[in-house]
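Below is one structure, written out as structure tokens; comments come after it.
The values are calculated or read from the model by the stated rules, or taken from the named source; none is laboratory data. In this text the structure is predicted, and so the values were computed from the model without any measurement. Neighbour counts run over all protein chains shown; Cβ positions are idealised from the backbone, glycine included.
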Amino acid sequence: MKKFEISAVLNEACKQGLHCRMFLKADPNCYSCFPVRTGEDLFIYMEEQDFRLDGYVIRRVKDIVEISSKVDLTDEILKSEGLINEVKDVDIDVSTWEGILSYLSSHKLNAIFESESRDSGMMDYAIGRIEKKDDRYLYVRAFDADGNWEEKPTRIAFSELSSISWGTRYVDIFSKYLPPCPIEHDISLLSKN
């Protein structure tokens, strides 16, 4: 699909609360989602899995290969189960990554940060909380599978950042059992350096 076609589907889905099927580059999976906010380069959607909403994801528009509204039996089930009524927009500026970073930082939310290496094309991720940022990098205080916070933050280049997920069952439930995060500041209150 061309970018203008993708943008048209995203805009219409956001206006009408449409359920969409989405395919991303270098990913064989089909994503089921409800786009809630879109900008020129980034968009936010609520992910649907197994007839449940599972948090928010912000992603680059350029990573979409194909997207279409999904009108089928699944859509009817979601309506009948009342899931459509649970789709909620979030008041976040999606013109740059800055809006989402400020939101997550000010609310002290843990999230999954995915990045794609420009050199290898390999995907990587960190799960944790934003510690700081500068003009080129985001620093995330990540935790491991045993719930231990890393000693040093993980550095992610903005140019490689591909998605951020928050409010998912995995992140929210895991976060309930973590010790307090060693950092608790709001990046909007910090200097950029």
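Worth a mention:
- Residues located in the stretch 172-184, provided they are surrounded by 13 or more Cβ atoms within 10 Å (Cβ to Cβ) and part of a loop (DSSP other than H, G, I, E, B): Leu178, Cys181, Ile183
- Filter result (touching a Phe, Trp or Tyr at 6+ places or on another chain (Cβ under 9 Å), outside any helix (DSSP H, G or I) and under 24 Å from Leu101 (Cβ atoms)) within the stretch 1-37: Met22, Leu24, Tyr31, Cys33, Phe34, Pro35, Val36, Arg37
- Hey, Asp50 at pLDDT 90 or above and within 28 Å of Cys181 (Cα to Cα) or not: no
- For the stretch 45-91, the tally of residues that are outside any helix (DSSP H, G or I), among the β-branched types (Val, Ile, Thr) and within 20 Å of Ser159 (Cα to Cα) stands at 4.
- Within the stretch 63-82, the set of residues being at pLDDT below 95 and either of a type in the set (A, V, I, L, M, F, W, C) or surrounded by fewer than 12 Cβ atoms within 10 Å (Cβ to Cβ) (or both) comprises Val71, Asp72, Leu73, Glu76, Ile77, Leu78, Ser80, Gly82.
- Number of the condition not met by Ser105 [criteria: (1) of a type in the set (S, T, N, Q); (2) surrounded by 14 or more Cβ atoms within 10 Å (Cβ to Cβ); (3) outside the structural domain of Met123 (by TED's automatic domain parsing)]: (3)
- Test: residue in the stretch 103-113 that is modelled with pLDDT under 95, among the aromatic types (Phe, Trp, Tyr) and under 29 Å from Thr154 (Cα atoms): yes
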